[in-house]
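Right, one structure below, let's go through it.
The values are calculated or read from the model by the stated rules, or taken from the named source; none is laboratory data. In this text, all values refer to a predicted model and were calculated from it rather than measured experimentally. Cβ sites come from the backbone with ideal geometry, for glycine too, and all protein chains shown count toward neighbours.
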Amino acid sequence: MSEMKFKQVAKQVEDVCSESLRILSSSTDSEIDVFARDFEIFIHEYQQKAQLTIAFVGQYNAGKSTLIKALTGDTSVRISAEICTDRITEYLWKEVILIDTPGIYAGRTDHDQITLEQISKSDLLIFVVPNELFNPQGGDFFKRVANEMQRVGQMLLVVNKMSRERGKPEDLLKSLLEVVEPHHPNDFHTCFIDADSYFNTQCEKDEDEKEFLLEEANFDAFLTSLHKLIDKNKFYARLLTPLNRALDILERSYNILSTDNKSARDFLELLHRKMLLIKTSQIRFRNCYIAEFNNLEHGILMIGEGVASKVDGRHSEKDINLTIKKAEKEIESTTKQTIEKIQLGLEEELSKLQIQLEQLLQSRLGRSLVEEVQVSSTGKKQVDYEEVEKTPEIPSFLRKSPETVRAIGNFASAVSRDLVYNVGKFFGVKFRPWGAVNGAKFIRGLGPIIGGVGLILEIFLNAKQEQDEAEYEQKLREARSDLRQSFRQLASEIRSEYEENIKSEIISGFYESELQDVERQRDELRNDEGSKIEIVNRIKHIIQKIKKQIVTIENNA
């Protein structure tokens, strides 16, 4: 990004932050008024800071404070096996401000909120976990920060306390993948260290022991990852942080203004989590089929390379044609295997999504909503949706929308048996392996090239002078190039056709359809009061605008 373009984007960020503040300030709600003042103060203070801010985030007792102490050498950093960080603390390191945050999910919800607030205010994040890796709550928190808060590009993942680990870092990668998917640990510059060992080297006098501790600490890997993160984000983070903070405040304001009661807000949150699960599943499946199509495309190119290698002056036209017939069968087999792998990948993904949706419905939040429409409200074992509007005990937001109640009952049914059956049917119809008809057409297209090769070979065998041989060698090279181009074009056409079918039938037909359905359910829950609906719509619009702007900036980083 050029300096002129950077200034242009910086002006756009400034404008959208000013617009966000104007929208928040126009609300008469007391909670929103507090948010507006907090955001105004944040913007003012952030503009005064020249340094990048890096927040250390993670589970209780993961070693965040030890890592900061090892990095800075600051003896004032408190380290203890007990909860010793209960507030935000800043430390200066080089030209960067390091921020220690309270550990998450240590039984203190106030600590969790403090940390979430700081995440949205910080330029970069270092997420620290112990060698035991993520506990369930920590894993959910990481996913929320990475996916919901869109912080993948500004995060460093540190696995600390590796001196306690018997296995190797490679052994931990599989467990990490289960949490960080659909991303990869490399996307977070992941490193495996022991901060305590590095800290101990600073007072160790025995050189052999010091060398052992340094090797165990692997601190250079952490410093390398940290510098990569800083270098990658040192300019763009100054654009993204105000947007991340605005997004956090706007979404909290949106939830407050768009509903009248806690039950409705809880259901909005449940739908939001459902949407994230579906989006994550969509990304995982996309990664799956793109990887398989990459392999398919490469495989076809290699098959084409095998054909081209026969055009060497030593093989006859008959040899080349036999190789092409063999290539035809190889391509048919390769496409069939690719289709089978993608179908299996999709079926596994849908099964996983179904389990995750059921688990979400069985979560504390999901169960509390289900209980509101069951026996205590209706006196029946199941909800009679026809009587919902007549049942005064049911919360008002549910009485207004019987479809919402029905949605709770059908919450985890997105992945039906019919859908799984239709997936198999879809692949059988839309993804027939590249076979006889296409093969004949492709071979006909190669006819002029092969015919030309035959003529070249005949002349080549009769060539008497070196000059003639050089000329015919050049023609053979050109023929090989034409063959490679034909196979390259074929690979692209096969991939394009298959991808188009997947996008049309699976991405749009299932994933996008489900996301639209969730969005429709969310809209049903929102009030239609005049003044309130106006500000809600304005907030919704600017949230979408900010999310697009974040993606645009990250893509240019």
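Before moving on, here are some points about what is shown:
- When Leu177, Leu223, Leu213 are checked against the criterion of being under 18 Å from Gly138 (Cα atoms) and hydrophobic (A, V, I, L, M, F, W, C), a single residue qualifies: Leu177.
- Pairs with Cβ under 6 Å, 6+ apart, first in region 494-514 and over 26 Å from Leu301 (Cα atoms), second assigned to a helix (DSSP H, G or I): Glu505/Phe426; Tyr511/Gln282; Glu514/Ile278
- Residue-level check: of (1) over 15 Å from the mean Cα position of the chain (by Cα); (2) closer than 30 Å to Glu349 by Cβ; (3) modelled with pLDDT under 80, Met149 misses just (1).
- Complete set of residues in region 172-200 that are acidic (Asp, Glu) and over 27 Å from Gln282 (Cα atoms): Asp194, Asp196
- Near pairs, Cβ below 9 angstrom, 6+ apart or cross-chain, from region 7-21 (over 16 Å from Glu40 (Cβ atoms)) to any residue that is surrounded by 14 or more Cβ atoms within 10 Å (Cβ to Cβ) and among the polar types (S, T, N, Q): Val9/Gln549; Gln12/Gln549
- Subset of region 127-142 that is surrounded by 19 or more Cβ atoms within 10 Å (Cβ to Cβ) and closer than 25 Å to Thr241 by Cα - its residue that is modelled with the lowest pLDDT: Gly138
- Looking only at region 13-55, and only at residues there that are among the small types (Gly, Ala, Ser) and part of a loop (DSSP other than H, G, I, E, B), the one that is nearest to Tyr236 (Cα to Cα): Ala50
- Just one residue in the set Leu301, Leu353, Leu344 is under 30 Å from Ser486 (Cβ atoms) and either surrounded by 19 or more Cβ atoms within 10 Å (Cβ to Cβ) or modelled with pLDDT of 85 or more (or both); that residue is Leu301.
- Residue that is modelled with the lowest pLDDT, among those in region 74-91 that are in contact with a Phe, Trp or Tyr (Cβ under 9 Å, 6 or more places away or on another chain) and hydrophobic (A, V, I, L, M, F, W, C): Ile83
- Verdict on Leu223 being crowded, with 18+ Cβ neighbours inside 10 Å and farther than 30 Å from Arg367 by Cβ: no
- Candidates Lys475, Lys532, Lys540, filtered to the one that is in contact with a helix residue (DSSP H, G or I) (Cβ under 7 Å, 6 or more places away or on another chain), surrounded by 15 or more Cβ atoms within 10 Å (Cβ to Cβ) and at pLDDT 85 or above: Lys540
- Filtered residues of region 194-220 (kept if assigned to a loop (DSSP other than H, G, I, E, B), free of Cβ contacts under 8 Å to residues at least 40 places away in the same chain and surrounded by 13 or more Cβ atoms within 10 Å (Cβ to Cβ)): Asp194, Glu204
- In region 233-286, the qualifying residues are those that are part of a loop (DSSP other than H, G, I, E, B) and of a type in the set (S, T, N, Q), and the one that is farthest from Ile506 (Cα to Cα) is Asn261.
- Being of a type in the set (Val, Ile, Thr), over 11 Å from Leu257 (Cα atoms), at pLDDT 85 or above and assigned to a helix (DSSP H, G or I) is a condition met by no residue of region 518-529.
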